1. Could you please find all residues in the stretch 271-281 being in a strand (DSSP E or B) and either touching a Lys or Arg at 6+ places or on another chain (Cβ under 9 Å) or more than 10 Å from ligand 2 (Cβ to nearest atom) (or both)?
2. If you take the residues in the stretch 282-305 that are in a helix (DSSP H, G or I) and without any contact (Cβ under 8 Å) to a residue 12 or more places away in the chain, which one is nearest to ligand 3 (Cβ to nearest atom)?
3. Within the stretch 152-161, can one find any residue that is in a helix (DSSP H, G or I) and open to solvent by 30 Å² or more (accessible area, probe 1.4 Å)?
4. With the condition kept exactly as written, say whether any residue in the stretch 277-297 is away from ligand 1 (no atom under 11 Å from the Cβ), open to solvent by less than 40 Å² (accessible area, probe 1.4 Å) and at pLDDT 95 or above.
5. So Asn114 clears everything in (1) within 25 Å of Glu498 (Cα to Cα); (2) open to solvent by 40 Å² or more (accessible area, probe 1.4 Å); (3) not hydroxyl-bearing (Ser, Thr, Tyr) except one condition, right? Which one?
6. Which residue, of Lys90, Lys36, is of a type outside the set (Gly, Ala, Ser), in contact (Cβ under 8 Å) with a residue 12 or more places away in the chain and open to solvent by 10 Å² or more (accessible area, probe 1.4 Å)?
7. Going through the stretch 10-66 one residue at a time, which ones are closer than 21 Å to Asn101 by Cβ, assigned to a loop (DSSP other than H, G, I, E, B) and of a type in the set (Val, Ile, Thr)?
8. Being open to solvent by less than 10 Å² (accessible area, probe 1.4 Å), within 23 Å of the chain's Cα centre (by Cα) and more than 16 Å from ligand 3 (Cβ to nearest atom) is the filter here, so list the residues in the stretch 414-450 that pass it.
Amino acid sequence: MLLIYPERHMNVKLANNLSQVDADAVVVFAAVSSAKENPTATLLSGNQAAIKATASLLGTDITGKAYEATWIYAPDGTQAKRLLVIGVGKGEKFDPNVLRNAAGAAVRQLKAKNLKSLAIALPENAAKHFSDENWVRALVIGAVVADFDANYYASDRKDQTLQVLTVINTNGSNLEAAIDEGRIIGGSQNFTRDLVNEPGNKMTPTILGERAKKMSEDVGIECEVHSTEKLKELKMGSFLSVSLGSEEPPALIVMKYEPEGAASDVTVGLVGKGITFDSGGISIKPADNMEKMKYDMAGGAAMIGAMRAIALLKLNVRVIGIVCASENMPDGKAQKPGDVRFAMNGKAIEIINTDAEGRLVLADGLCYARQLGATHLIDAATLTGACVVALGMINAGCFANDDSIYHRFHQATHHAGEKFWRLPLDEEYQDSIKSSIADIMNSGGRHAGAVTAAKFLQEFVDDKPWVHLDIAGTAWIDDNKPWITKGPSGIAVRSLVEFVRGFEKT
Ligand code: BES
Ligand code: MN
Ligand code: ZN
C-alpha cells in the first residue's frame, strides 16, 4: 500500500528563464481576450519561444477557455520536451484563485501521461494588484492539491506523484517563503483528505486519535486523546450517548498550539465532528449511499489538518483543536429515540432521531473548548442533508452569531478561495427544537434542517463569538474535476488557516 503525501515527494524549485528549464513539460497560460481583441486568446507569457510556438494557434486551437489543455511537442527554443498551454478563462477575471485551479489542471494533465517533472511559468501580464507571493503561493497549493490520488487500495495503484515542480518567475525575486507556505497549506489540505479517504474499518475513532497524535508530535504541538472514562468524568452525556451503540470506544482529541508571544486574550477554538461512520444508529439510514458515511469525520479531519498548517506556518495565535470522534451504530446498548441525555453544560436533550448525532457530539465539544479557554469558536461538520439540499455541492453553509466574526471568516474564505454561504440564525427557528420533556430536541423536523441544527449548536456556545460550517455537501467530490480528483475535498482547511492568521494582527 502506498500512502502518499505529495508535499513530501514533490520538490519545488525556482527558475527565471523558461527556455533553460529541463522538464517533461513547461506550462504557460492563455486567457480569453477582452471583447473585440484579435486574436481572441492571449498568451500570458513574454517568453519568445512560447510566443513563437503558440502564435499561429491563438484563437483556434488555443481559445483560453478555462482548463483547456493544448500540447505542443518539441517546441523550438526550449529544453523541455513539451509545451502545455492551459486556459484560464477571461483575462479580466484572472486572479490567484483562478491560477490555483489552472496549475492543478496542468498537474493532472501530466499525471494522466505519467510524466514526472513540470515547470510552470508565472503569468507575466497578470493583474499587478496581487503580489508575486500571492500568485506563487496559489500556484503551489494548486499543484500539491492536484497531485493527490484517492485509489489507495487498488492493487494496481502506481505512484503517479510528480517529482519536480519548477516555478518560473522572470523578475528573479526571492519567493522561497511563498513556495514553503504553498507546500504547507496544500500538504495540510492533503493530510486532511488522506484521513477522510480512509474507509470506516481503517479509520476508527481510536485510529483518528493516533493519527492526530502522530501529526502533533511531528509538528511539535501538544495532543491528548481521551476516551470513555474521561468523557464520563467531564459529564459529556451528549457525546457519550452517540458512542453507546458501537464496539469502538469514542475519542476526544485535544490539540493545543500556544506559541510564545501570542496575544493572551485570544484563543481560537476549532471544534470538529469526527463521526468515523454514521449508520444513523437506531434511526438507521437507508442502504443506498450509506457507504459514503465514512466521510462523516471530515469536519474533524479539517481541524487536524488546519492545526498542522497553523503549527508549521508558526502563526502567532493561540489555537485549541478539538475533535469529537465516535461511530454511530445500532446495537442493544445504543441510545433510542425518546431518550433524554444531559450535555456538559447541564442542558437536557430529548433524542428524537439518533441520526442527528453530529450536533450531539459537537454540543460537548463546544462546551469543552470554552472550558479550556477558547475566546472565539469555529466548528466544522458534515452536519445535515438539508444543507446539501439548500446549497448543493458548490457552497458550504456558514452560520455566525456575531457579524464581526462572520466578516473575519468571510475575508478568510476569499483569500483561501473556498465558497461558503451564510444562512440565518433567527430566534424564531428556536421554536422548532423546543422539547416538551427536556430543554431541547436534537431534531427540528423537515423544515430548515440546516438552520435548526445550527440553532441546536448555538445552545452550547454561550456568549462566545462563533462560526459554524456545515460541509455535508462539499467535503466529498463525486466527479473528477480538471484540477482535483473525485473523493475527499479537504474543504475548510485553507479558510481555517486564513481565519486564524487574521488574528495575528489584533
Ligand atoms: N452525517 C449526516 C449528514 C449528511 C448527510 C452528511 C449527507 C453528508 C451527506 C448527519 O448525521 C445526519 O444524518 N443528519 C440528519 C439529521 C436529521 C435526522 C435531523 C439529516 O440531515 O438527515
Ligand atoms: Mn447522522
Ligand atoms: Zn452524521
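1. Of everything in the stretch 271-281, those that are in a strand (DSSP E or B) and either touching a Lys or Arg at 6+ places or on another chain (Cβ under 9 Å) or more than 10 Å from ligand 2 (Cβ to nearest atom) (or both) turn out to be Val271, Gly272, Lys273, Gly274, Thr276, Phe277, Asp278.
2. As a first pass, look at the stretch 282-305 and keep what is in a helix (DSSP H, G or I): 290-305.
Add one more test, that the residue is without any contact (Cβ under 8 Å) to a residue 12 or more places away in the chain, and what stays is 290-291.
Numbers: Met290: 11, Glu291: 14 Å.
Going through the qualifying residues, I end up with Met290.
3. No, the stretch 152-161 has no match at all.
4. no
5. (1)
6. The unique qualifying residue is Lys90.
7. Correct list: Thr63 only.
8. Scanning the stretch 414-450 gives a single hit, Ala416.
The values are calculated or read from the model by the stated rules, or taken from the named source; none is laboratory data. All figures in this text were calculated on a predicted structure; none of them were measured in a lab. For neighbour counting, all protein chains shown are included, and Cβ atoms are generated from backbone atoms with ideal geometry for every residue, glycine included. These area figures cover heavy atoms from the full protein model, side chains too; ligands, DNA and RNA do not enter into them. Shrake-Rupley method; radii C 1.70, N 1.55, O 1.52, S 1.80 Å.
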